[in-house]
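Step one of this worksheet: look at the structure below.
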Amino acid sequence: MVHVLTNGSFDAPQTEEGIVMLSSAFSCLIMPFLLGAVIPGNTIPSPAETILSPAATITWTGDGDGTSWHDEDNWDLVRVPGAGDDVSIPDVGGTTEVVYSSGSASINTLSTEEDFRLTSGTLTIDAASSANGAYTQTGGTLTGAGDLTISGQTTWNGGTMSGSGTTIANGGLTMGTTGFKTLNNGRTLENHGAAVWSNGHFDMQDGAV
């Protein structure tokens with residue numbers, strides 16, 4: 001007997017008990033599909049090509065090293081935040097500061113109760129966000145259209161603030177060290193507390209305020 005696979009259906013033989021019986025010949029035909037192989041005349045996408053991480057609310061747990069943004073074990077979805085994600089960092093035991101230190105990430109929003117430090121790489125924030133602890137930037141680039149409102153102390157020792165959003169320092173602003181600090185591409189820096197500029201270079205470019 002020949003059984004034909006047509007339009008995704010297969011007329012499989014059954015025993016009296018209703019158990020499907022597959023011949024070894026059929027197994028040889030169907031198993032490559034199940035394993036993601038490509039059979040001439042057919043293109044079967046691999047799991048890596050078809051499984052995507054949809055945008056979501058992703059929450060810090062600190063269950064990894066308790067510090068690094070880039071340690072996927074620090075997040076409840078066991079992956080680092082990505083495009084479109086709403087990132088929530090609550091005040092959790094074992095974490096005193098979250099550090100972003102490399103690469104590029106684009107997220108929708110950031111809401112953090114922990115102190116936050118940007119040392120290198122590029123963090124793009126698309127929508128209004130908040131940092132209720134201290135914000136420290138020693139390098140890298142903070143950019144995007146989203147405003148970042150900082151309730152704690154803002155310390156800017158180096159790096160770039162860019163994009164059309166506004167950095168709002170409600171807890172005071174300190175600009176120190178000899179590092180270069182660049183405000184550009186329309187970025188606005190607002191300070192609503194005490195300001196201290198102790199050292200270093202500060203450049204405003206391309207419509208920054």
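Every number here is computed from the coordinates shown, using simple stated rules; none is lab data. Bear in mind the structure is a predicted one, so any value in this text is a computation, not a measurement. Cβ atoms come from the backbone with ideal geometry, glycine included; neighbour counts cover every protein chain shown.
Some notes on this structure:
- Inter-site label distance for THR96 and GLU72 at 7 Å from Cα along Cβ, in nm: 2.9 nm
- Segment SER111-SER130, extension gain: residue separation times 0.36 nm, minus the distance between their alpha carbons: 6.3 nm
- With the simple spin-label model, which puts each label point 7 Å out from Cα in the Cβ direction, the SER120 to ASP65 separation comes to 1.2 nm.
- Other residues whose C-beta falls under 11 angstrom from the C-beta of THR57 contribute a net charge of -3, scoring Lys and Arg +1 and Asp and Glu -1.
- Loop chymotrypsin sites (Phe, Trp or Tyr not before Pro), the range 112-179, which have at most 13 other Cβ atoms in a 10 Å radius of their Cβ (DSSP): none
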